1. In the chain, carbon and sulfur make up what percent of the accessible area (probe 1.4 Å)?
2. Would you mind calculating the relative contact order of the chain from Cα pairs under 8 angstrom and at least 6 residues apart, reporting the percent as a whole number?
3. When each pair of different Cα atoms in the chain is counted once in the 1/r mean, what is the Kirkwood radius in angstroms, to one decimal?
4. Under the rule of at least 5 residues apart or a separate chain, name every residue whose amide H is placed under 5 Å from the amide H of F227.
5. Which value, in Å², gives the accessible area per residue of the chain when a 1.4 Å probe is used on the protein heavy atoms?
6. Residue-wise, which Karplus ³J(HN,Hα) couplings in Hz belong to the stretch 553-570, taking 6.51 cos²θ - 1.76 cosθ + 1.60, θ = phi - 60°, and x for glycine or proline?
7. Give me the distance between the Cα centres of the stretch 356-412 and the stretch 485-517, rounded to whole Å.
8. Using the Karplus equation 6.51 cos²θ - 1.76 cosθ + 1.60 (θ = phi - 60°), what ³J(HN,Hα) coupling, rounded to whole Hz, does each residue of the stretch 186-194 give in order, writing x for Gly and Pro?
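The values are calculated or read from the model by the stated rules, or taken from the named source; none is laboratory data. Every value quoted in this text rests on a predicted model; they were computed, and no experiment measured them. These area figures cover heavy atoms from the full protein model, side chains too; ligands, DNA and RNA do not enter into them. Shrake-Rupley method; radii C 1.70, N 1.55, O 1.52, S 1.80 Å.
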Amino acid sequence: MSDFIHLETRFLEINENEHLSNAFTREHYPLNSIPTNCILDKTLPGLGATYSEIFAERCSIIIEPNIPVIQGKVSAHKELLGVYEGCNKNTIKTYLQNKTIKHKKILCTPEGYVKVRNIALDIEIDLYKEYFCLYDECEKITQDIDYRDTISLPMNDFFSFENKAFVSATPLKMRNPEFKKQGFFRLEVKPTYEYRKELKLITTNSYERSIIKQMNELKDSECICVFMNSTNGINKLVNLLESQEIEDYKVFCSRKSEIKFKEKEIQKSHESLNFPLAKYNFFTSRFFSAVDIYTEKQPDIIIITDLMEAKHSMIDPFTNAIQIYGRFRNTFIDGGKFKSLTHISNYGNVGSVFSESDIENYINTSKETYEQLKLNITNADNEGSRKSLEDSLNGCAYNKFINEDGSLNYFKVDNFYDDERIRGYYQAPNSLHAAYEETNHIIPTHSDIIYFVSDEEKLKYKRQKSTTEQRKILIKKLNALSHSIEITPEEFERAKADYLSIGNREMQKETKYTIDAYERLGSENIIAVNFYKDRIDNLLKKKKKETNQKDMFSKKVCDAILNRFPQNNTYKKDELIDGFYEIFRNYGIDAKVNLNTIRKYYGADELKGKKVGFIKLHLFQPDNEFN
């Protein structure tokens, strides 16, 4: 597999509080805008690359990866045309043919571009000559193509444009040789000032505990913005807020996710940005890049990775993290755009990670297999063999790297390499820390916080197929914790609470049963009956009887009875029974009360005649000695 392409690199200095259009003007770039055949590495988000193209004196097609970006730009500049789902053909055709707009500006999704291209062909407008094509946030092609194949659709036409460019604050290296063939160069923006941002990196073996701790630390914050690429993960966080009766939150997500949240009775979800922001704000990945977020209150930013919930919640320090903090555009009195930046992540649970040579061998071998299958299909001499080979071809690993016509899609290859690169950061805490240090954008401070019950242990417990197997795991863990000299009583209670929070109500009920059984019987007795519930129930009944017997004749209980009912007195039977029940309840004793129970403490006679319903108590002489 070919290596990354190497392009000539040119540099463009930019000063503090300066926009790209100013730098283009100062350096005498044509139209004071992005040059053609350029991969613009603008280094920092928010420098106004798209803005410069909107005002460049030429017609432009600007391809944006997600709809919210387009909505934000179009709402601010009414002369633009936004093309995405819902934009009809007549609207596009009318705009393309509008002669009163000299420099047309079309902002579209990758899927929307195809719609624009087809209409332009129908009305004989040559987009390739008349329009400048700018692909914004270009790293998204590589990052998203594994689950969004259509994001690379414009690339079929991109190299046909006479004037074109890629742009991002975080472009990735690429392997597509066409960039080299067409004479592309890399234009790197060099800030003349300190631009690195401080980030608190928290790696942990318990994501949930760490996020709760961080939320508590920020409870006085006026605005918290949480970024997580998992709707299920965000749903859990919202449920946590609602359990604390906190309702000042908003969730920003795709239409599909919004419907999903509404089904789960989370009503405060929005497909587009909705201002002003709430105290707690949650953003899915469609808001990670390009979107402009304006806040009245200086936010605290929390980035979350939960590998136990969703492996795709991994954040790339070199792209995602930089793009996320770059969404915030207001500058506050202290000169900053946010108060704090934190990334909380668990680690491990990513499996083995391929080296670059492993990846190359994987792709080459899958290609050889693919080509051999095609040859075998051609040479097959019967329909059964041909169909079997065709099925094998359809399932071949090489399909993940090619287009429908069988040609190699270099972005899919780049995606495979990129995924392995990012997964490598999450194998261990120090790997993620080292990646942040290498970005040259972030100044990280790192804390690795270890709890007694890890996310991995909780996941293993949840995935057991039987309650007996869960009981084995939990008893073993509780026993180990109880014998640890490191754990405090408070931490032991917290560990139990961690297990009690796992799964649905039925699982939580079984967990409580196991913990109660452990605390009453100890681990040895439960192990002796092989963790079977019916046998544990018998032990609990026996233990309960023994405990009741012991507690019933303890000194404190006997004193309470004697104080309540002094000896050598007559009492109503109901009064005696109710009184005994009350004392037993106060001391946690679960036992029946009748005349025989009372006679275990006193000599007692049930009176007759006019005194029916009364009992004469004689000397107080409990059956058992005081404990």
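1. Within the chain, the accessible surface is 47 percent carbon and sulfur.
2. The value is 13 percent.
3. Working: mean 1/r = 0.0335 Å⁻¹.
It works out to 29.9 Å.
4. Long-range HN contacts for F227: F283, I302, I303, I304.
5. Dividing the accessible area of the chain by its residue count gives 50 Å².
6. Karplus-based 3J(HN,Hα) across the stretch 553-570 equals 10, 6, 4, 5, 6, 4, 4, 5, 5, 5, 5, 6, 10, x, 5, 6, 9, 9 Hz.
7. 51 Å
8. These are the phi-based 3J(HN,Hα) values: 9, 9, 9, 7, 10, x, 8, 9, 6 Hz.
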